[in-house]
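Participant: What follows is a structure written as structure tokens; I'll ask about it next.
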Amino acid sequence: MSSTLADALSAHVQGPVLVPGAPGYDDEVAAFNLAARIRPDVVVGATGVADVVAAVRAAREHRVPLRVQSTGHGAERPVTSGVLVTTRRLDEVVVDPASRTATVGAGARWGAVVERTAEHGLVPVVGSSSNVGVVGFLLGGGLGPLARSHGFGSDRLLSATVVTGTGDVVEADDGEHADLLWALRGGDAVPGVVVAVRIALVEVPALYAGALVFDTPHVETVLRGWLDWTAHADDLTTTSAAVVRMPPIDAVPEPLRGRTVLSLRVARPGPVDAGERAAAPLRALAPAMIDGLGPLAARDSDRIHGDPTAPAPVWTGGALLAGAADGFADAWLDTVGPGTEHPFVAVELRHVAGAGGRASGADAVAGRDAAFTLGLVSVGPEARASGPGAAERVLAAVAPWLADEANPNMSGALPGRWRADVAARLDEVRRRYDPDDVLGSRAAVPSGVH
Ligand SMILES: Cc1cc2nc3c(=O)[nH]c(=O)nc-3n(C[C@H](O)[C@H](O)[C@H](O)COP(=O)(O)OP(=O)(O)OC[C@H]3O[C@@H](n4cnc5c(N)ncnc54)[C@H](O)[C@@H]3O)c2cc1C
């Protein structure tokens, strides 16, 4: 079957069409998350819309599933059969400074977009890592270091070119195929392959940002102080606090090597003096072992979180919190604070209250009303085995504070969760654009969620 399918594809596709064992197959399917199981019967390295159309039509005709991969940062669902379309060759970025927009190919990473837009004094609204793919990020909504001042990344998704599950090419915007664009803004699994997106850019002429790193004896005080501070934080300042276990290896510089530290990240667009005033209460919480907070060019926002850029086997899980008052700090510290037993190298809370912007339901974003995101990261060959059970225990400990919805980008390997009316509408859109569920989007996301 796979050789018949591969033969049929080779006849119509310009890019590589590879089966397991063929030279180049392993590189073509490789994901950023090395723990991902990605072994399709055939991988198609798309070079343009026509390749994508051919792949979707062939998958539909042969009744096999089709999946899409850009960078593999979100490669949570195993791919064990069918066709995988890789988008990395669709990496064109065209900036229109006059309309403050960029048209971005589906295989581009945020870093490439930032590089092209910054020369015009503009930036996209990105996440903590510019190594992440543009389309995958937008499909989950997209919450970054400027979440509270600039909202979700997908708030600035203007239109998209999509090859639907029927193999038709459609341009989705707020006029035509508006329901499809609604679903692409945060609805996660798509009933088609996105080929390109057009996004609005923003101007961030000044940014006060970076991280304060506190050593183990101060973790509890700073975490409690920060949580109290968030209750009154000005609505331009986005902060997050990660307790990180630094491995005792040479690659980690002294004095961090082998320490459990708290990294308190801050980002506030606006002048330096206003940023300094906003951050002063955080600096006063305890003496920082590293003070990396100061003026930062928006194009360098990657430095705020300092996310890993090298592929590794990883398991991540996460959730949203409706709030973090009334004993949350005790529950969090008792479960994942310094000295507790768990397999996570980083446990993170991001304060995102106020990132709502749009009215809930105006798009398919899950978690507009959340106050915090919660993230758990384990790394290494054992991560997949130990992560899920440990995450279940952490989430049980903070159950009283969990939000009803779960944002797919912030949930890692755990499923996203939408309001029931949003989930029902997503299901409807998926049925319309991919009646045979070639993309498997209906199976990926349970409908009728809570
Ligand atoms: C280090 C790191 C930092 C992160 N930081 C943030 C952050 O700050 N904020 C945030 O919101 N999220 C963040 N994420 C989560 C990230 O946004 C999601 O995992 C996202 O799905 C990754 O997209 P990708 O294209 O890079 O990955 P991929 O694994 O290639 O794709 C992710 C999903 O999108 C689908 N997809 C990709 N391209 C297409 C396409 N063209 N058409 C249809 N479907 C497609 C894939 O099938 C897959 O299901 C982070 C993840 C990592 C690993």
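The values are calculated or read from the model by the stated rules, or taken from the named source; none is laboratory data. Just so it is clear, the model here is predicted, and its values are computed rather than measured. Every residue, glycine among them, receives a Cβ derived from its backbone with ideal geometry; neighbour counts consider all protein chains shown.
Participant: Can you pull out every residue in region 16-40 that is surrounded by fewer than 22 Cβ atoms within 10 Å (Cβ to Cβ) and more than 27 Å from the chain's Cα centre (by Cα)?
Facilitator: Within region 16-40, 16, 19, 20, 21, 22, 23, 24 qualify.
Participant: Between 309, 335, which is under 30 Å from residue 30 (Cα atoms) and hydroxyl-bearing (Ser, Thr, Tyr)?
Facilitator: 309
Participant: Can I ask one more? Considering each of 219, 162, 202 in turn, give the residue that is touching a Ser or Thr at 6+ places or on another chain (Cβ under 9 Å) and surrounded by 16 or more Cβ atoms within 10 Å (Cβ to Cβ).
Facilitator: On the way: 162 fails: touching a Ser or Thr at 6+ places or on another chain (Cβ under 9 Å); 202 fails: touching a Ser or Thr at 6+ places or on another chain (Cβ under 9 Å).
Answer to the selection: 219.
Condition check ((1) under 25 Å from residue 282 (Cα atoms); (2) assigned to a loop (DSSP other than H, G, I, E, B); (3) free of Cβ contacts under 8 Å to residues at least 24 places away in the same chain; (4) in contact with a helix residue (DSSP H, G or I) (Cβ under 6 Å, 6 or more places away or on another chain)) across all residues:
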| residue | (1), (2), (3), (4) |
| --- | --- |
| 324 | yes, yes, no, yes |
| 330 | yes, no, yes, no |
| 348 | yes, no, no, no |
| 356 | yes, yes, no, no |
| 367 | no, yes, no, no |
| 388 | no, no, no, no |
| 391 | no, no, no, no |
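Participant: Name the residue, out of 259, 224, that is at negative phi and modelled with pLDDT under 95.
Facilitator: From the options 259, 224, the qualifying one is 259.
Participant: Conditions: (1) crowded, with 16+ Cβ neighbours inside 10 Å; (2) touching a strand residue (DSSP E or B) at 6+ places or on another chain (Cβ under 9 Å); (3) over 27 Å from residue 412 (Cα atoms). Residue 94 meets all but one. Number of the miss?
Facilitator: (1)
Participant: Let me ask something else about it. Please return the ranges of helices (runs of 4 or more DSSP H) entirely within region 34-143 where 3 or more residues are at pLDDT 95 or above and away from the ligand (no atom under 11 Å from the Cβ).
Facilitator: 49-61, 110-118
Residues are listed down the side, and each one gets a yes or a no for (1) closer than 30 Å to residue 278 by Cα; (2) in contact with a Ser or Thr (Cβ under 8 Å, 6 or more places away or on another chain):
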| site | (1), (2) |
| --- | --- |
| 77 | no, no |
| 83 | no, no |
| 102 | no, yes |
| 116 | no, no |
| 144 | yes, yes |
| 149 | yes, yes |
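Rundown of residues vs (1) modelled with pLDDT under 95; (2) of a type in the set (A, V, I, L, M, F, W, C), yes/no style:
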site	(1), (2)
323	no, no
338	yes, no
353	yes, yes
373	no, no
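Participant: Still on this structure: Of the residues in region 169-197, how many are outside any strand (DSSP E or B), touching a residue at least 40 places away in the same chain (Cβ under 8 Å) and not basic (Lys, Arg)? Give the steps one after another, and end with the answer.
Facilitator: Start the filter on region 169-197 by keeping residues that are outside any strand (DSSP E or B), which leaves 173-191.
Filter once more, keeping what is touching a residue at least 40 places away in the same chain (Cβ under 8 Å): 179-180, 182-191.
After this cut, where a residue has to be not basic (Lys, Arg) as well, the list is 179-180, 182-184, 186-191.
Summing the residues that are outside any strand (DSSP E or B), touching a residue at least 40 places away in the same chain (Cβ under 8 Å) and not basic (Lys, Arg) in region 169-197 gives 11.
Participant: For region 422-450: of the residues being part of a helix (DSSP H, G or I), within 16 Å of the ligand (Cβ to nearest atom) and within 15 Å of residue 186 (Cβ to Cβ), which is modelled with the lowest pLDDT?
Facilitator: The qualifying residue modelled with the lowest pLDDT is 444.
Participant: Consider residue 231 against the criteria (1) touching a Lys or Arg at 6+ places or on another chain (Cβ under 9 Å); (2) under 30 Å from residue 405 (Cα atoms); (3) assigned by TED's automatic domain parsing to the domain that holds residue 338: it satisfies all of them except one. Which criterion is unmet?
Facilitator: (1)
Participant: Anything in region 42-60 that is under 19 Å from residue 19 (Cβ atoms) and without any contact (Cβ under 8 Å) to a residue 40 or more places away in the chain? List them, or say none.
Facilitator: Within region 42-60, just 51 meets the criteria.
Participant: Within the set of pairs 6+ apart or on separate chains, which have a first residue in region 81-93 that is within 14 Å of residue 54 (Cβ to Cβ), a second that is surrounded by fewer than 18 Cβ atoms within 10 Å (Cβ to Cβ), and C-beta atoms under 7 Å apart?
Facilitator: none
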